[in-house]
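Reviewing the structure listed below.
What follows is calculated from the coordinates using simple rules that are stated; it is not laboratory data. Remember, it's a predicted structure, so these values are computed and weren't measured experimentally. We place every Cβ from the backbone using ideal geometry, glycine too, and count neighbours over all the protein chains shown.
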Amino acid sequence: MSIRPHTYPYVRDLEEHLRLILFGADTATDSQAAVLLVRGALADSDLPRAAQLAQSTQRLAGDKPGERDLAAAAVHARGLIERDSATLEQAASAYSAPLARARATEDAGLAWAAQASQSDAVARLREAYAQYEQLGNAEGMARIRSRLRAAGITLHHWKRADRPAFGWDSLTDTERRIADLVAQGLSNRQVGGQMFLSSHTVAFHLRHIFWKLGVDSRVQLARLAAEQALMET
């Protein structure tokens, strides 16, 4: 799957954020200014600078423990540096600002695409599209439509009902494989070893799986997996 990042209009957004930081009383925009700076450094292929900015964002978040979105931005910046889809999803779920959440979700989709995980990439990009749509953000919607067209996914597939929000059918390919392995009794570390994922990433996906299936234990997950297997035979 080839979903190429477009040149992000970060310069215009950054100028506006910096204007608000310099002249406005609301400091909540600090978080997105930090992410935009990291994104700009990565766009210039300046990885050392991007890493330095990400570290500065992490330190700033530590200095302001009450700033939820700033903490999310620190995770977001790290996910961009590492191109780690699970870290970017973690950032998306941590944001309180809807636009920041949509952008992090979009970044997670692109990271999944870079890992050649089409199902997860499309699921996250569709989620981001829905978030942009709710915000009335036409630019974000157009950007994702373009990316999916480039990947051979036509517009008539754009239906939120294609994948339910809850239940076994709501799981992405990655989530379903993790669920199956956990149901077999494997630990997070063992699952990660088979799927070439870190234990942290497996744990993050497992929380999503529990939420989608409405369970709160591995025993309940194993029972659901067994019932699902019977239904599919």
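Modelled spin labels at A203 and A116, positioned 7 Å past Cα toward Cβ, are 3.0 nm from each other.
Take the Cα of S146, step 7 Å toward its Cβ, do the same at F196, and the gap between the two points is 3.1 nm. If you take all other residues with their beta carbon under 9 Å from the beta carbon of G140, and give Lys and Arg +1 and Asp and Glu -1, the sum is -1.
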